[in-house]
1. Ratio of Rg to Rh for the stretch 189-298, alpha carbon only, Kirkwood?
2. Using a simple spin-label model with points 7 Å from Cα along the Cα→Cβ vector, what separation in nm is obtained for LEU220 and ILE243?
3. For HIS368, which sequence-distant residues (separation of 5 or more, or a different chain) have an amide H within less than 5 Å of its own amide H, given hydrogens modelled in the peptide plane?
4. Rg(Cα) of the stretch 30-179 divided by 2.2 N^0.38 Å?
5. Say the dipole of the stretch 189-298 comes from +1 at the beta carbon of Lys and Arg and -1 at that of Asp and Glu; which of ILE195, SER268, PRO211 then lies farthest toward its positive end?
6. Once fully extended, how much extra length lies between HIS368 and ASP397, figured as 0.36 nm per residue of separation less the alpha-carbon to alpha-carbon distance?
7. Can you sort SER350, SER122 so the residue with the fewest Cβ neighbours within 10 Å comes first?
8. Report the semi-axes of the equivalent ellipsoid for the chain in whole Å, largest first, where each axis is √(5λ) for an eigenvalue λ of the Cα gyration tensor.
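Read the figures in this text as sums done on the coordinates, not as results from a lab. Just so you know, these numbers come straight off a predicted model, no measurement behind them. Ideal geometry is used to build each Cβ from the backbone, glycine not excepted, and the neighbour counts take in all protein chains shown.
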Amino acid sequence: MGSIRDSVDSIIGEVTEIRRDIHRHPEIGRKEVRTAGIIRDKLKEYGVDEILTPMPTGTVAIIKGAKGPGKCVALRTDIDALPLQEDTDLPFASEVPNMMHACGHDIHASMMLGVAKVLCDSRDRFAGTVKLIFQPSEDTLPGGAKEMVECGVMENPKVDAIFAMHVMPDPDIVGKIAIKAGPMTTSVDLYDVTITGNGGHGSEPHTTQDPILAAAQMILDMQQIVARKIDPLDTGIVSLGSIHSGDAPNVIPAQCKFGGVSRAYSESARKKICEQMYKIAEGIKHISDCDVDIYHYEGYPSVLNDAKMVKCVEDAVSEELGPDAIVELEKPFSFSEDFSYFGNMTGVPSALFMVYAGQGTEEAYPLHSPKIIFKEEAMPYGIRAMAATALNFLNGDY
Ligand SMILES: [Zn+2]
Ligand SMILES: [Zn+2]
């Protein structure tokens with residue numbers, strides 16, 4: 001039985017090839033048929049104890065420790081790509097028009113296969129069970145996480161803790177692990193508002209119900225939610241990204257539509273924003289005589305890292321990669337991740353950590369950019385961090 005590092009060294013060549021293959025053939029959420037096929041074949045080859053397929057492209061692998069029964073730890077990865085035309089000169093760039101792994105989920109899935117191999121090789125090092133969750137559709141709503149939980153992936157055996165990792169571009173840093181306790185990403189909710197009046201001639205406003213004026217008032221009121229209804233020490237974001245109405249300057253139109261997103265770290269702030277939106281709509285309806293219809297699409301909750309699980313990751317990473325490998329994050333990220341459902345829906349403690357993956361270009365590009373290139377040199381660090389975290393949780397007292 002060698003070290004985690006030896007085991008990773010022996011598999012990293014193959015895992016890198018798998019990553020390039022998946023990158024070349026990206027698939028959109030819930031249609032990851034080829035990707036799921038590769039994952040299932042490799043899991044079988046690496047000798048996991050059981051492979052379950054709770055969703056057509058969702059896979060769960062079970063690895064049992066040789067030291068007998070114990071806790072159950074789940075490790076989650078996403079596997080889907082984005083509808084985006086890749087604009088890199090990578091030799092293994094996407095061969096599918098308007099489809100690209102621009103969020104690194106190809107790297108996540110491949111690293112998790114590496115973790116599977118390492119843990120299969122390390123069975124005599126742990127008691128209990130490891131559950132590897134390969135979840136479809138993180139980047140396309142509705143995300144696959146909620147459905148995977150509804151399919152029962154957190155039961156039988158019941159999961160005691162769940163961890164996930166996400167690659168992060170950076171101008172310099174490669175292979176370090178970033179984490180913090182508490183909020184890690186925001187929640188997201190989408191709103192589409194339709195205000196309907198009867199329209200009419202601009203010279204006779206008193207005979208109309210003006211949807212543009214109503215929309216203007218409603219938008220200003222919405223911008224006061226964060227200022228006056230959210231604790232100043234909490235965070236709320238209300239941003240409108242579209243507004244459409246009217247065609248002629250002398251006609252009061254019959255309809256105005258606008259839409260936007262809200263984000264928050266706490267569930268209380270998230271709920272407050274939503275409640276206020278409906279209250280404001282009621283008020284506007286009353287004073288404008290227009291109909292105000294809100295279509296609220298509930299997106300992902302925020303990822304809240306459990307302090308004990310963060311400690312578990314930090315202890316494992318310090319031992320496996322050295323204490324310098326940890327970057328303590330000062331603030332959370334303002335994007336969303338559906339990993340939150342695994343903890344949010346079940347109460348199981350969870351932690352998401354970032355793996356810094358440098359920048360493969362002169363210029364720095366963010367996640368979801370068609371030009372983004374991650375450095376594959378980060379992959380062995382991600383695999384080692386995740387495998388060590390799993391062993392640390394199962395063997396330790398967290
Ligand atoms: Zn993404
Ligand atoms: Zn992502």
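1. Dividing the radius of gyration by the Kirkwood radius yields 1.03.
2. Each label point is offset 7 Å from its Cα along the Cβ direction, giving 1.1 nm.
3. CYS103
4. Working it through for the stretch 30-179, the quotient is 1.09.
5. Going by the charge dipole, the pick is SER268.
6. Computed gain between HIS368 and ASP397 is 6.6 nm.
7. Final ranking by Cβ density, sparse to dense: SER122, SER350.
8. Working through the eigenvalues yields semi-axes of 45, 23, 19 Å.
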